[in-house]
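The values are calculated or read from the model by the stated rules, or taken from the named source; none is laboratory data. In this text the structure is predicted, and so the values were computed from the model without any measurement. In this analysis, Cβ positions are derived from the backbone assuming ideal geometry, glycine residues included, and neighbour counts consider all displayed protein chains. Heads up: the accessible areas ignore ligands, DNA and RNA and are worked out on the full protein's heavy atoms, side chains in. Shrake-Rupley method; radii C 1.70, N 1.55, O 1.52, S 1.80 Å.
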Amino acid sequence: MENIVNFGLVHATIVGQIIVIALLIQLFKERGGKEGKLTKLVADNATLLSFIVVVGALVGSLIYSEVVGFDPCKLCWWQRVFMYPQFFLLGAGVLWKKRDILPYTAVLSIFGAITAVYHYITQRTGWEVTNCSLGGGPSCAGYEFMAYGYITIPIMSLTAFLLVLATYLCYKKYASRENLY
């Protein structure tokens, strides 16, 4: 079961990273005012797309902890603190067709991304500002698996946060032009 979960989530992470890069390149190319079809499509569906990403991250984290049996460390819990509320915010946004919730999810994603980057640095270097394993939990410096030489659970989390942020940036670009609230 663990291999199937890892395979699916690792490859979803790679696809997510490609999408983030494509969106950022497209947004950079559009700085001259030229509209891109991809970023416009993402902007028009920003709440739903962000909700899908968040649902994937939430389900993935719960499968790892509840089905596969990986105990989350303290930094994993903090990443969940920044991801899980987005399920409710974006779910309400999808249900009520509201896009004005996106700035709030962007803020949560920024803090989640910072936590994920710190967690990944801790894993790769063993350097911790605080002793993460105090209280009997697993060490934040350890990792259950690594794929393709760089993908660990914090990278999966970082990718989800960056997808939400890239979606927000697409929305933000078109919101001021077309009053997309």
statement: Given a 1.4 Å probe, the accessible area of the chain per residue, as a whole number of Å², is 55
message: Could you derive backbone 3J(HN,Hα) for region 80-97 from the dihedral phi with the Karplus parameters 6.51, -1.76 and 1.60 (θ = phi - 60°), listing whole Hz in sequence and x where the residue is Gly or Pro?
response: 5, 4, 7, 8, 4, x, 5, 4, 6, 4, 6, x, 5, x, 5, 4, 9, 6
statement: The local net charge around S65, scoring Lys/Arg +1 and Asp/Glu -1 for residues other than S65 whose Cβ lies under 14 Å from its Cβ, equals -2
Under 14 Å, Cβ to Cβ, from Y118 - net charge with Lys/Arg +1 and Asp/Glu -1: +1
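Would you mind counting up the charge near A141? Only other residues with Cβ under 11 Å from its Cβ, with Lys and Arg at +1 and Asp and Glu at -1. Could you put the intermediate results ahead of the total?
Numbers: positive: R124; negative: E128.
Once positives and negatives cancel, what remains is 0.
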task: Classify the chain as rounded, prolate or oblate, taking a ≥ b ≥ c as the square roots of the eigenvalues of its Cα gyration tensor: rounded when a/c is under 1.5, otherwise prolate if a/b is larger than b/c and oblate if not.
output: prolate
message: Given the -39500 (n - 2.57) contribution per DSSP H run of 4+ residues, what per-residue ellipticity at 222 nm results for the chain, rounded to the nearest 500 deg cm²/dmol?
response: -24000 deg cm²/dmol
